[in-house]
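What follows is a short report on a single structure.
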Ligand SMILES: [Zn+2]
């Protein structure tokens, strides 16, 4: 079995503050240990469950957050910044499933640790064909283009709620309960690591019940920015890209990967 794991940082156990997520901040180096330890538990658990090929993508910010010298030798690691259509290097139809580890709720969700969609400074919301979407939906759709179902999503309680709305029958695992954007009731990382072993096995056993996320075109994707400067900096041809008000750009197309590459 072949599994693709995408790892963000906001939903990793023990992480609640912006200072833990930003390179150069005092708490960031410690948080990299939390992240790397959790990645190693995931890889170890996948191997124990019989998975023989594992790709792990460092999907937070610069894409270089893992402590590479401490990584488990049983996986291949995609590091560094990549953009759609190459958000998940090496992804193809040969993968049996994907996992979204350490994810977070979409921008604008109340009581969700570090809620945002793609960038926490520039964009308020993204709607795809009229429905609000966050990174869980967008990444599930990218895996869906290759017929790969998302089997497991981990993060805070709001992340789990959002994942269950977006992906029928997906397995979710709550690493913490959010009290606000920077506050939560956290589980000990030691407990999270112990529970993840069971959860990984359960999510693989549940694979038959989960379909790849796919939606039919044509597509329209609306991005609402925080300020008009950001909307000003975009190019609008009036057909495939339009500015519908001061803060909102809408992109149109029949091909989802082309649309997402142009818009995001
Ligand atoms: Zn992130």
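Taking the residues in segment 1-18 that are farther than 19 Å from residue 136 by Cα and away from the ligand (no atom under 14 Å from the Cβ) as candidates, determine which candidate is surrounded by the most Cβ atoms within 10 Å (Cβ to Cβ).
Per the criteria, the residue is 14.
Has segment 78-85 got any residue that is away from the ligand (no atom under 16 Å from the Cβ), modelled with pLDDT under 95 and touching a helix residue (DSSP H, G or I) at 6+ places or on another chain (Cβ under 7 Å)? Before you say what the answer is, go through the steps one by one.
Step one: of segment 78-85, the residues away from the ligand (no atom under 16 Å from the Cβ) are 85.
Still in the list and also modelled with pLDDT under 95: 85.
Now drop any that are not touching a helix residue (DSSP H, G or I) at 6+ places or on another chain (Cβ under 7 Å), which leaves 85.
Yes: segment 78-85 contains one or more residues that are away from the ligand (no atom under 16 Å from the Cβ), modelled with pLDDT under 95 and touching a helix residue (DSSP H, G or I) at 6+ places or on another chain (Cβ under 7 Å).
Go through segment 23-49 and give me each residue that's without any contact (Cβ under 8 Å) to a residue 12 or more places away in the chain and not in a helix (DSSP H, G or I).
Taking segment 23-49 and keeping what is without any contact (Cβ under 8 Å) to a residue 12 or more places away in the chain, we get 24-30.
Once the filter is applied, which keeps residues that are without any contact (Cβ under 8 Å) to a residue 12 or more places away in the chain and not in a helix (DSSP H, G or I), segment 23-49 yields 24, 25, 26, 27.
When you scan segment 156-237 for helices (runs of 4 or more DSSP H) that lie fully inside it, which ones turn up with 1 or more residues that are in contact (Cβ under 8 Å) with a residue 24 or more places away in the chain and under 19 Å from the mean Cα position of the chain (by Cα)? Give the derivation first.
Details: elements: 157-166, 189-205, 228-232.
Qualifying helices (runs of 4 or more DSSP H): 157-166, 189-205.
Give the residue that is surrounded by the fewest Cβ atoms within 10 Å (Cβ to Cβ), with candidates limited to residues of segment 60-75 that are at negative phi and within 16 Å of the ligand (Cβ to nearest atom). Lay out the reasoning, then the answer.
Within segment 60-75, the subset at negative phi is 60, 62, 64-75.
So of that shortlist, the ones also within 16 Å of the ligand (Cβ to nearest atom) come out as 60, 62, 64-66.
Details: 60: 19, 62: 10, 64: 13, 65: 23, 66: 20.
That would be 62.
Select from segment 26-59 the residues that are over 18 Å from residue 150 (Cα atoms) and within 16 Å of the ligand (Cβ to nearest atom) and list them in ascending order.
27, 28, 31, 32, 34, 35, 36, 38, listed by residue number.
The values are calculated or read from the model by the stated rules, or taken from the named source; none is laboratory data. These numbers come from a predicted model, not from an experiment. Note that we place each Cβ from the backbone using ideal geometry, even for glycine, and neighbour counts take in every protein chain shown.
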